Amino acid sequence: MSSKLQKKFHNPDEYHSLIFHPYNIALTLLLGSIIALFLAFSSAYIYTRVQNPDIPPIKLSPIFFFNTIILLASSWSINWANKSYLEDLTEDYQKALLVTIVFTIMFMIGQFIGWNDLSSQLDTHFLSSNLSSYLYLISALHFAHLVAGLPFLLLFYYIAKNRMKEPVSVLVYFSDPEKKLKLNLLTKYWHFLDALWIYLILFFFINSFLKFGS
């Protein structure tokens, strides 16, 4: 029994420092590359506008602003999950994970609605430009990174629902430093996606009022 527990509970020193842990370093490098990618597309969008001053800027659909609220709500709910984990609140932890999943799916559905609304508003002249493709491409990249994180969120919820049924299993789950580490990393990734989406909304919103050229 003790040998099993030793295998279950990893060395606490291995997860003591989140900053220097290999998982965190890998995630930090990933987030840095994502930032560079989106900054490159943002710069390309501005360059295209400067080179084509007569083409009107992109007007965001209201659904994209509503999606911002949904994504912020998912950020709140995953924080709730972290707090519940630290306080050993099983039901709240499971509910918080489920709520985060629901908010995420709502955001994904909203994205499809926004893309459809955008395509219906574009005229022939606007479709001939590259500006519309930037919004599709940039928002699709963000969507893809959200989809990439969703399986991990679903896995957390599945494990929480199926393994946290008895007092002993609950204690083992909440005492596992690896679970805590991975939940922290998932939360960090989720907050990053929220911040990235807010940046994109502000970027396109501000650009819709800017005029380039004479």
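Here is how the numbers come out for the structure above:
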quantity: Matching residues in the stretch 87-102 - criterion: being surrounded by fewer than 20 Cβ atoms within 10 Å (Cβ to Cβ) and without any contact (Cβ under 8 Å) to a residue 40 or more places away in the chain; calculated: Glu87, Leu89, Glu91, Asp92, Lys95, Val99, Val102
quantity: Number of positions in the stretch 183-208 that are more than 15 Å from the chain's Cα centre (by Cα) and in contact (Cβ under 8 Å) with a residue 40 or more places away in the chain; calculated: 5
quantity: Listing of helices (runs of 4 or more DSSP H) fully contained in the stretch 99-214 that carry 2 or more residues being at pLDDT 85 or above; calculated: 131-163, 177-207
quantity: Any pair with Cβ under 7 angstrom, 6 or more apart, that starts in the stretch 166-181 at a residue that is more than 22 Å from Phe20 (Cβ to Cβ) and ends at one that is not in a helix (DSSP H, G or I); calculated: Val170/Met164; Tyr173/Met164; Phe174/Asp88; Ser175/Phe9
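The values are calculated or read from the model by the stated rules, or taken from the named source; none is laboratory data. Since the model is a prediction, treat every value here as computed from it, not as a measurement. Here the Cβ is made from the backbone with ideal geometry for all residues, glycine too, and neighbour counts use every protein chain on show.
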